[in-house]
Structures are given as structure tokens and as C-alpha cells.
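Single-structure report; data block below.
The values are calculated or read from the model by the stated rules, or taken from the named source; none is laboratory data. Computed from a prediction, not measured in an experiment: that's the story for all the values here. Glycine also receives a Cβ, built like all others from the backbone with ideal geometry; neighbour counts cover every protein chain displayed. We work out accessible area using only protein heavy atoms, side chains counted, and drop any ligands, DNA or RNA first. Shrake-Rupley method; radii C 1.70, N 1.55, O 1.52, S 1.80 Å.
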Amino acid sequence: MTFGEQPAYLRVAGDLRKKIADGLLPPHTRLPSQARIREEYGVSDTVALEARKVLMAEGLVEGRSGSGTYVRERPVPRRVARSGYRPAGGATPFRQEQADGDAHGTWESRSEQAEASVAVAERLAIKPGDRVMCTRYVFREAGEAMMLSTSWEPLDLTGRTPVMLPEEGPLGGMGVVERMAAIDVVVDNVTEEVGARPGLAEELLALGGVPGHVVLVVQRTFYASGRAVETAEVVVPADRYRVAYHLPVR
């Protein structure tokens, strides 16, 4: 489909998007009303409404109850580190960054035993319903929730060991590689798949987003001799953060 064949609502949304990017519609400015869009672009009410929906789905504008639709403040994306390197001590990338004196990051976690869902079981190569240790994290930067993470570890591997709880015990918070080594499991590979999707309602509530906002999703799995020993899902708001990888040269 050529540009000239674009649906009318996409052409209208594209022009409004350009005005926002060029500063003609700066942050906190009210978006032209549906009637104004209809008159200015010579389109139907349906086209005007769909164009506004596109901008809302992209996170460029937000609706305010009883007031209208306004251009959102566009944050400068900040970096979330993902690294193939671990310094002595084995801290996670987030904890490495917080060692910087200018950093203001905190995190909280909660672990509980659970049954593996079909998706988690597939990633861990276990049976649905098998027992896993599920740990949920909320990472904050200067008090603002900036990243969610949920990890799952098969309890037939870590159960009844000192590392059963990822954030407690002598190796609490040290990372998967170091914790597994303590029970003679040598992690030799890790994979990460990065994708994007609309945030779930509970995710956006925790991260301070609005319905329709897109999140980046990193699915990470650690392996030892081909066996998956931990899998996790990391969720980051796409409009506020970029995932940065630092990988070693071999």
C-alpha cells in the first residue's frame, strides 16, 4: 500500500503526530476536538475519532475526564541495563547501576510457591502444574516504578536447598549464576527475547501508565547443560525506557 492509499484516519493521525513532534501542539495543549478535526481535514466523525484513538494508543495524548484530550509530556527515555558481564560479587545489572553514588534505585520482592502455568512449564521444560518458586519484583528509580520482573525456578531443583528463596539466605540477591553454583549447578548459557505489547491493566497500574500504553517485554532463561534452571519476564514502559545491552566480545 502506498502512502497515498493510507486510510484517512492514519493520514489525519500522521499530521497531528507531526504537529506534536514539531512543537506546534506542545505538551499539555488540548488536542483539537473531534468536530474541529472533522472540519479542518474534511473527514467524517468516525475518521476523526479513529485518528484520536491512534494517538492515544501511541501514548502521545491522554484523555482527561470532563475536560478533553491533551498532549502528553514526552519523557526523555532512560536506560535499563542488560549485561552479559558480571563483576566480582555477581550482582544483577540493576544492582550494579545502583552502586553509582548518583543512582537512587530501590526494589522490593515477594516469593511464593506456585504451580507452573502452561507457558512457564514450556520455558522450563517441566509439566504444567509442577511446583515452582515464583518471585515478583518491583524496581523503582527515585521512587518511581520503572520495571517489573517475575521469575520462576523449578522446585525440584532448588527446593530444600539454601537458595530456594532468591532474595533470602546467604546468597540472597546474588543472581542466578552464583546461586546455582552454590548447589553445584553450573549455568553456561542464557537467552533473552525482546518484544513489545500493550501493557496489561495490572502492569500499567503498577508502572503509572494508561490503558493502551506499550511495554517492552524481555523473556530471559538461564540454562545449565541444556536444562532451564530459571526463567523470567521483565516488563518496562516503552515510552520511558530503552533496554541497553552490554555484551562481552569473545
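In table form, for the structure just shown:
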read-out	value
With every protein chain in place, the stretch 8-71: carbon and sulfur % of accessible area (1.4 Å)	52
Loop-located GluC sites (Glu not before Pro) in the stretch 11-87 whose Cβ has at most 15 other Cβ within 10 Å (DSSP)	Glu73
MRE, 222 nm, helices only [DSSP H, n ≥ 4, -39500 (n - 2.57), over the chain, to nearest 500]	-7000 deg cm²/dmol
Integer Hz, Karplus 6.51/-1.76/1.60 couplings in order for the stretch 156-172, x for Gly and Pro	6, 9, 9, x, 6, 10, x, 10, 4, 9, x, 10, 10, x, x, 10, x
Spacing of the two label points (7 Å from each Cα toward its C-beta) at Ala142 and Lys53, in nm	3.6
Loop-located trypsin sites (Lys or Arg not before Pro) in the stretch 138-217 whose Cβ has at most 14 other Cβ within 10 Å (DSSP)	Arg160
Rounded percent of accessible protein surface that carbon and sulfur make up, the stretch 107-179, 1.4 Å probe	51
Full-extension gain in nm, Asp130 to His246, via 0.36 nm per residue minus C-alpha separation	38.3 nm
Gyration tensor verdict on the stretch 1-56 (Cα atoms; rounded if a/c is under 1.5, prolate if a/b is larger than b/c, oblate otherwise)	oblate
Beta bridge orientation in the chain: antiparallel %, DSSP, nearest 5	90
Average Cα contact separation per residue, the chain, under 8 Å, 6 or more apart, as relative contact order %	18
